[in-house]
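K.L.:
Right, I'll just put the structure down here and ask away after.
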Amino acid sequence: MRKTPGRKLSLAMVLCLSFTMMLSGCGGNNSNNAAPTKSPAATEAPAADNNKDTTNSADSAVPGSPLELAMKGEYKGTKVTMFGPFVDADQVKFESSIKEFEEKTGIDIQYEGSKEFEATINIRVDGGNAPDIADFPQPGLLASIAKTGKVVDLTGVLDQEKLKGNYNQSWLDMSTMDGKDGKIMAGIWNRSNVKSLVWYPKKQFDEAGYTVPQTWDELMALTEQIAKDGDPAWAIGIESGAATGWPATDWVENIMLRTTSPENYDKWVSGELPFTSPEVKNAIEVMSKIWLNEDYVYGGTKSIVTTAFGDAPKPMFDNPPKAWFNLIGNFITSFFPETAKVDVDYDWFYLPPIDEQYGKPVLVAGDIYAMFNDRPEVRAVMEFFTTGESIKSWVQSGGVVAPMNDASLDWYQSESDRRMAQLVQEASTLRFDGSDLMPGKVGAGTFWKGMTDYVSGTATLDQALEQIQSGWNN
Amino acid sequence: MVGKKKRKGGKTLVNITLGVICFLWLLPTLGLFISSFRPAADILQTGWWKVFPHQEWTAGETLQLSKDSDLRAPIEINGKTYSDDELKAGVKADDSRLIWENRRARTVNVQEQGWKTTPELTLDNYNNVLSGKEYKLKEADGSETTQKGTGLSQAFWNTLTIAVPATVIPVLIASFAAYAFAWLRFPGRKTLFVIIIAMLVIPIQVALIPVLKDYTALGLNGSYLGIWLAHTAFGLPLVTYFMYNFISQLPKDLFESAFIDGASHFTIFSRLILPLSVPALASIGIFQFLWVWNDYLVSLIFIGNQPSVQVMSMKIADLVGSRGNDWHLLTSAAFISMLMPLAIFFLLQKYFVRGLMGGSVKG
C-alpha cells in the first residue's frame, strides 16, 4: 500500500526532473550563447588597439611590415599558438622549417598537431578557444567557419601587392571566401601537394623498354601492352577507413579537368553542374575503362575497395613489379618502402591530357592557414608563412611543394620534386581538389560513398551519381 | 544426489561457456601480441598465425613456358591446359601446385606441400614506440640528419598525473554523497538523488562546447585542474549511484550502535563506512581509472595535444602519422598502454574477492 504512491511519486518526479533538465539545458545554451559575444569582444578590444597601433605606425613612420619588425626582435618573447593536422613526421618537418624564424625573432610558435583536427577545430572555435593560426587541409571546412565571421579578413592584414607577386593568381582566388559580410581573404596557402601524378617503378619500366606516355591514347595503349606482357598495369586502392573512397574522387577530378572546361569544373565544385550531368558521367566512364577492366587492375576490380590507398603502390616495388602505375598525390612517397630511391627506383609522369583543347591542367591540394586572433606578432607569423622561406627545410626533406613563387627550384633535393614544382608553376590550369572544396556532406560524404558503391558493384553508375548528387540536397 | 549431479552438470556448462568467452576475447589479444613483435612488412603480408609452424606450398622447380605464349588463351603445361586465372590463384596438378612465378617472364613454379614457419620476430615496434621514432631530415647540402622523436614516457606521466586525481576526487566526493543520500535525513534528499541519477543519461558530448566556453573564460583550458574537474564531473553520477547502492545496503544496526556510542557522522563515515566499502571503492576506482586512462575525447577537447600535457591515447593516435602510414606501431603501443590498467587491476583485485561484510555485524 505504501509502496505504490511512493513509486508513482518518484516516477512523477523523474518526469518532472527530466523536463526541467531539458529546460535548464536550453537555458544553459542561451546563457552560453551570450558568453561568446562577450569573449570575442574581449579579445577584439585589444586586437582593435593593436590594429590601430600597426596601421598608425605604418601610416606615419613606415618602419616596415610586421615581419620586418619581427625580424628586428620587436615581438621577442611573445607566443603564437597554432593548431593543425600535422603529427609525427610531418610535425617534425614543420617544426624544423620554422625553427630559424623562431630563433631570429624570439616569437615562440606553439604548434599543436592533432589527428582529429577536422573534428576539433569547430569545437575550439565555437568554444572561444580558437588558436591564433589554424592550418586547414580542407578549404571547404575553412569556408564554413569563415561564414560565421570568426576568421580574420587578411585583406587589410597582408600586403596584397606582395602576395600577388608571390602566388599564382589561382591560389589567391582560392583563398577568397564568403565572410559574414561579403568576400574576405580567409587564409594564405603554405604547403601544397600535386595530385596529377602517376607513379611508376622507373628502373624496371626502363628495362622493360616502355616509354612514358604523352597522350591519353598512349597511356591506354601502354596499359594494354603491359597487360599483354603479363601484368595488370594499375595499382589502385581506395580503402581509407572512414574516408574510404577519396582516392577515387581524385581520379574523377583529374579526368574532369581533362575532358571539360575549367569553368565547368568550377560549376561542378560549387554544385551548379550536377553529378548526373553528362560531363561528370563521361569522366567516370573514362575512368571505368581502366578500373572495371580486370586485366588492368592489380588484384582485379573487386580488390580496389578493399586495398588501403597506402598499400596499393606496394606491388610496384616487388621484383619484378606486379603493378606499374599508381595515380595519387605526392604525399604517397611516405608509404613507399624506405629502400626505394627517388629518381632511380621510382618516378612519376604527368597524367596525360585527354582532350587537347583543355591544355595541361594540374590538380593540387594544400594547406591554407587562417588567422583567428589579430595581434601584431600573429600578423608577423602569417606574413612569414607567405614566404617560401617558411617551408624551405620541408621542401628539402621532400614530399611537399611550395606554392610561393620565391621558393627556389634549387631547394628541391630530388629531380622528381623539382619537376613537380615546375609542373605547378607552369600549369595552364591549376585547380584545387574538388572534393575538398565541396561541402562536407558531398565532398567527404556521398562522393566517397557513391564512388565506393559504384566500384564495388553495389550500385550502377546512374544510381551512384544520383546518390552522390543527393548529398547537395540534404 | 540428483540435485548435486544437476549442479555439477550446470557447473561444467558454465565453465565451458566461460572458456569459450575467454577464448574469444583472448584470441585477438594474442594475435595483436604476436603481431607487435613482427616486422612491419610481415604484418602487411601475412597473418600472425603464420608464425607457428604450418603446412604451406613451398617453391619447387621452375617451368619456363615459351616467351610469346598468349595469356588470354588456354595455357598448356605438361600436357594439360590451364587458364590464366587458374595459374594466378594456383592450380593443383597431382601432388603439387602450379602457380605463376613470374607471369611476365612466363615462368611457372611447381610448388610442393611443406612445413613452414615465419619466425622472424623483432623488438623494433616496441623500440619505436618507447624511445621515439627517428625522422630523417635533409639539409640544404643534401646531407641527412636524423632527429629522434619523443617516446611515450612523457605522455605516460601526463596520463598518470591526470588519471590518479581524476579517480580519487570523484570516488571521494561520491562516497560522501552516497553516505548522505543513504543515511542522512534532509529535505530534498530524494529529489537531489533522482537528479543525479538522471544525469547518467546525459551524453557528455552535449556538455563539451558549453564547458569549453566556461573553461576559456576561466583560463582552465589545457591545464590539469581543468581536466581533473571535467573527469570528476562526468564521472560523478555513475560513481555516486554505484556507491549509494553499496552503502545503503550496509546493515542499519551498525550505525545505530555507533550512534548510541556517541559517534558523529564523520566518525561513522571514516571509521565504519570507508573500511567496509573497500571492495566497492576498489571496483568503482578501477572503472573510473580505466575510463580516464583510455579516454580520448575529454582529453582531446580540454587538454589538447601540446607535448607537455599530451596523454597516452593521443600520443598513440599520433604515432601512426598524418596519413596512417605507421599503423603497425599501434600493436606494440596498445600493449604498452595496457600495462598500467593491468597493474591496477591485479593490485586491487584481491579486494574484489575479500568478503568484508561477513562478521562485520558480530563485531
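Each value in this text was obtained by applying a stated rule to the coordinates, not by laboratory testing. In this text, all values refer to a predicted model and were calculated from it rather than measured experimentally. Every residue, glycine as well, gets a Cβ built from its backbone with ideal geometry; the counts of neighbours run over all protein chains shown.
K.L.:
Using only alpha carbons, build the gyration tensor for chain B and give me the equivalent ellipsoid semi-axes, biggest first, whole Å.
P.N.:
Working through the eigenvalues yields semi-axes of 59, 32, 18 Å.
K.L.:
I've got another one for you. Apply the Debye scattering formula to segment B:60-191, with a single equal point scatterer on each alpha-carbon and no solvent, then give log10 I(q)/I(0) at q = 0.14 Å⁻¹.
P.N.:
Rounded to two decimals, the profile gives -0.84.
K.L.:
Putting +1 on Lys and Arg Cβ atoms and -1 on Asp and Glu Cβ atoms, find which of A:Ala130, A:Leu222, B:Ile202 reaches farthest to the positive end of the dipole of the protein assembly as shown.
P.N.:
Positive-end residue among those listed: B:Ile202.
K.L.:
Based on the Cβ-Cβ distance from B:Leu123 to B:Leu347, what FRET efficiency comes out when R0 is 41 Å, to the nearest 0.05?
P.N.:
0.90
K.L.:
Continuing with this model, one more query. Students often forget the sequence filter, so: which aspartates and glutamates lie under 14 Å Cα-Cα from A:Lys202 once same-chain residues fewer than 8 apart are removed?
P.N.:
List returned: A:Asp318, A:Asp343, A:Asp345, A:Asp347, A:Glu415.
K.L.:
Another question about this same structure. Just rank B:Arg104, A:Arg191, fewest to most, by other beta-carbon atoms within 10 angstrom.
P.N.:
So the ranking, lowest neighbour count to highest, is B:Arg104, A:Arg191.
K.L.:
Follow-up question, since we're still on this one. So what is the diffusion coefficient of segment A:281-343 in µm² per second by Stokes-Einstein at 10 °C and 1.306 mPa s, using a Kirkwood Rh over Cα pairs?
P.N.:
123 µm²/s
K.L.:
What's the local net charge at B:Phe259, with K and R +1, D and E -1, over the other residues with C-beta under 12 Å away?
P.N.:
Result for the neighbourhood of B:Phe259: -2.
K.L.:
Of A:Trp234, B:Ile303, B:Phe259, which is farthest towards the positive pole of the protein assembly as shown's charge dipole, taken about the Cα centre with +1 and -1 on the beta-carbons of Lys, Arg and Asp, Glu respectively?
P.N.:
Result: B:Phe259.
K.L.:
Moving on. Give, in nm to one decimal, the length gained when the segment between A:Thr148 and A:Asp217 is fully stretched (0.36 nm per residue of separation minus the Cα-Cα distance).
P.N.:
Taking 0.36 nm per residue and subtracting the Cα distance, the gain is 20.1 nm.
K.L.:
Under the definition of partner shielding as Cβ atoms of other protein chains within 10 Å of a residue Cβ, what is the mean value for peptide B:209-220?
P.N.:
Working: counts 11, 9, 2, 7, 11, 4, 3, 9, 6, 0, 0, 0.
Counting Cβ atoms of other protein chains within 10 Å of each residue's Cβ and averaging gives 5.
K.L.:
Another question about this same structure. Please average, across the residues of B:65-76, the number of beta carbons from any other chain that are within 10 Å of each residue's own beta carbon, and give a whole number.
P.N.:
Across B:65-76, the average partner-chain Cβ count within 10 Å equals 1.
K.L.:
Take the alpha carbon atoms of the protein assembly as shown, find their radius of gyration, then divide it by 2.2 N^0.38 Å using N residues; give the quotient.
P.N.:
That works out to 1.13 for the protein assembly as shown.
K.L.:
Output the DSSP H helices from chain A with an along-axis C-alpha extent of no less than 18 Å and a mean Kyte-Doolittle hydropathy no less than -1.0.
P.N.:
Details: long enough: A:3-60 (83 Å, -0.41); A:88-105 (25 Å, -1.24); A:216-229 (20 Å, -0.39); A:246-259 (20 Å, -0.26); A:278-291 (19 Å, -0.04); A:461-473 (19 Å, -0.71).
Those that clear 18 Å and a mean of -1.0 are A:3-60, A:216-229, A:246-259, A:278-291, A:461-473.
K.L.:
Please state the shape class of chain A: rounded when a/c is under 1.5, otherwise prolate if a/b exceeds b/c and oblate if not, all from the C-alpha gyration tensor.
P.N.:
oblate
K.L.:
If you don't mind, there's one more thing I want to ask. What is the local net charge at B:Pro39, summed over the other residues whose Cβ is closer than 14 Å to its Cβ (Lys, Arg +1; Asp, Glu -1)?
P.N.:
Taking every Cβ under 14 Å from that of B:Pro39, the sum is -3.
K.L.:
Just want the answer: with Cβ charges of +1 for Lys and Arg and -1 for Asp and Glu, which residue in B:Pro28, B:Ile77, B:Gln45 is farthest toward the dipole's positive end in segment B:1-109?
P.N.:
B:Pro28
K.L.:
How far apart, in nm, are the 7 Å Cα→Cβ label points at B:Phe287 and B:Thr58?
P.N.:
Placing both labels 7 Å beyond Cα along the Cβ direction yields 5.5 nm.
K.L.:
Looking at segment B:155-299 from every direction and averaging, what is the projected area of its Cα convex hull in nm²?
P.N.:
Numbers: hull surface 39.3 nm².
Computed as one quarter of the Cα hull surface, the answer is 9.8 nm².
K.L.:
Let me ask something additional. How well do other chains shield peptide A:166-177, expressed as the mean number of their Cβ atoms within 10 Å of each residue Cβ? The partial results should precede the final answer.
P.N.:
Numbers: counts 0, 0, 0, 0, 0, 0, 0, 0, 0, 0, 0, 0.
What the average comes to for A:166-177 is 0.
K.L.:
Normalised by the residues of segment B:47-167, what does the relative contact order come to in percent, with Cα pairs under 8 Å and at least six apart?
P.N.:
24 percent
K.L.:
Right, next: Which three semi-axes in whole Å describe the equivalent ellipsoid of segment A:237-283, each the square root of 5 times a Cα gyration tensor eigenvalue, listed largest first?
P.N.:
For segment A:237-283, the semi-axes come out at 21, 11, 9 Å.
K.L.:
Still on this structure: Compute the convex hull volume of the Cα atoms of segment B:213-346, divide it by the residue count, and report the result per residue in Å³ as a whole number.
P.N.:
Spread over its residues, the Cα hull of segment B:213-346 gives 144 Å³ apiece.
K.L.:
For segment A:277-402, report the translational diffusion coefficient in µm²/s to the nearest whole number, using Stokes-Einstein at 10 °C, 1.306 mPa s, and a Kirkwood Rh over Cα pairs.
P.N.:
87 µm²/s
K.L.:
Size of the dipole of chain B about the Cα centre, Lys and Arg at +1 and Asp and Glu at -1 on the beta carbon, nothing else charged, in debye to 20?
P.N.:
1900 debye
K.L.:
Among the lysines in segment B:82-241, how many pairs, 8 or more places apart or on different chains, have alpha carbons under 22 Å apart? Intermediate values should be presented prior to the final figure.
P.N.:
Values: B:Lys88/B:Lys116; B:Lys92/B:Lys116; B:Lys133/B:Lys148; B:Lys136/B:Lys148; B:Lys138/B:Lys148.
The result is 5.
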